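Notes for the one structure printed next.
The values are calculated or read from the model by the stated rules, or taken from the named source; none is laboratory data. In this text, all values refer to a predicted model and were calculated from it rather than measured experimentally. Reconstructed Cβ throughout: ideal geometry from the backbone, glycine too, with neighbour counts over all protein chains shown.
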Amino acid sequence: MGEASVILDEFCGSDETGDRAMWPRRIVFGFNTVAPPRGCFQVPFPRLELVLAGTYRNTVCTAAGATDQRVLSAGDALFIPADCWNLPAWDSDVQVLSLLFGAKHLGVSLVVWSAEKAEFSSVDKRSCLVPGNSPLYRMVDAVSSFQSEGETVTSYGRLQANALLEYTKILLQNPSQGEERQSSALYRAVCTYVEENFDQMITRDIVARKFQVSPNYLSRVFSDHGDTTFSDFLTSVRIGRAKAMLEQVDLPLVQVSQRCGFHDPNYFFKVFKKRVKRTPTEYRNSVLGTGQVSTR
C-alpha cells in the first residue's frame, strides 16, 4: 500500500480529537471574476481542498476582480465553488486532501507533492456514489453560502466545513449497496477523470488505455450506468464549460474553444450550435444582453 493510501485510510477512518478535531481552522474561497489562466484547476462542480501537512501556495481570484497569492498551512482549507478556479504553485512539500462533489458521486484525492523531486511522490484517488437527495449537497451549499465573508469566515462557516468533512468520511466508510461492482466503480472513475481533464486530448481509446480496458468495454460501461455514450458525456462536459466561460469571462472564442478541449474552433462552433441551438457569439450576447455581434 502506497504512502497516500495509508494517509487517506488513516484520515477517513479516524475519529479525530485534538488539533484536527475542528479542522479547517481557516477557509480561503476561490472566485471566477478573472479569466482562468492556463494550467489552473477549474471544473463545473464544487471542490474542497484541505491541507494535511506542509505549505500549499495558490493563485486565486478575489471577489473584487483581482488575482492574489494565498498561502495555506496544515489545517487550512481552500473552497472552490463550481466553475471557479485555483492555480497551485507546487513549490513546497505538501499533502492535500481534495474532495470533488460531482452530480452523483464524490471524488476524493490525496496528493503528496515532493518539492525536492519536483514531482508527485504519491497520489491516491477514490470515489463513491451519492444519491441525488443526499444531505451532502445541502452541506456543500451551506459552505458555499459563506463565500462572501472571504477569509473572515465565522466559526459557523468552519463548523459547516468540518461537518462536511465528517460526513464525507461516513460516505467513504459506508459505501452504498452494490458499491463494489467493478463496472460501476470504473464508470465513476472515468466520469471524474473527464470532469477534471476535459481540456486535454481525450478520446474513448485514450481513456480506455489509461484505465486498462478495451474501448468496447468502456462503451458498454457507459451504456449500462449512464444515460449517454462516452462521446456524448465528454461533449456535454465541454459544452457546459464553454457556456460557463462565455457567461463569465471575456475571452476570444478561439481561446474558449481551446480551453474547453476543442482544438479545432470550427468544430467547436458546429457542435456548440447543434447542442445549444445558438452560435457561441449569439449565446454570449444573449447572456450579456448586449444585442451586439462579436467579431472574435
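Quickly run through the range 29-48 and pick out the residues that are among the aliphatic types (A, V, I, L, M) and more than 16 Å from the chain's Cα centre (by Cα).
V34, A35
From the list A242, A208, A185, exactly one residue is in contact with a Ser or Thr (Cβ under 8 Å, 6 or more places away or on another chain), part of a helix (DSSP H, G or I) and within 30 Å of R278 (Cβ to Cβ). Which is it?
Testing whether each residue is in contact with a Ser or Thr (Cβ under 8 Å, 6 or more places away or on another chain), part of a helix (DSSP H, G or I) and within 30 Å of R278 (Cβ to Cβ) leaves just A242.
If I go through the range 79-119 residue by residue, how many of them are aliphatic (A, V, I, L, M), over 18 Å from T192 (Cα atoms) and in contact with a strand residue (DSSP E or B) (Cβ under 6 Å, 6 or more places away or on another chain)?
4
Any residue in the range 230-240 that is modelled with pLDDT of 90 or more, more than 19 Å from L129 (Cα to Cα), surrounded by 17 or more Cβ atoms within 10 Å (Cβ to Cβ) and polar (S, T, N, Q)?
The answer is yes, given that some residue of the range 230-240 is modelled with pLDDT of 90 or more, more than 19 Å from L129 (Cα to Cα), surrounded by 17 or more Cβ atoms within 10 Å (Cβ to Cβ) and polar (S, T, N, Q).
Which one of these is under 18 Å from W85 (Cβ atoms) and in contact (Cβ under 8 Å) with a residue 60 or more places away in the chain: L246, L251?
Among L246, L251, only L251 is under 18 Å from W85 (Cβ atoms) and in contact (Cβ under 8 Å) with a residue 60 or more places away in the chain.
Go over the candidates N197, N162 one by one and state the one that is assigned by TED's automatic domain parsing to the domain that holds P81 and surrounded by 13 or more Cβ atoms within 10 Å (Cβ to Cβ).
Answer to the check: N162.
What strands (runs of 3 or more DSSP E), lying completely within the range 19-79, carry at least 2 residues that are modelled with pLDDT of 90 or more and surrounded by fewer than 18 Cβ atoms within 10 Å (Cβ to Cβ)?
By residue number, 47-61, 67-73.
Against the definition (under 18 Å from the mean Cα position of the chain (by Cα), part of a helix (DSSP H, G or I) and not assigned by TED's automatic domain parsing to the domain that holds D227), how does V140 come out, yes or no?
yes
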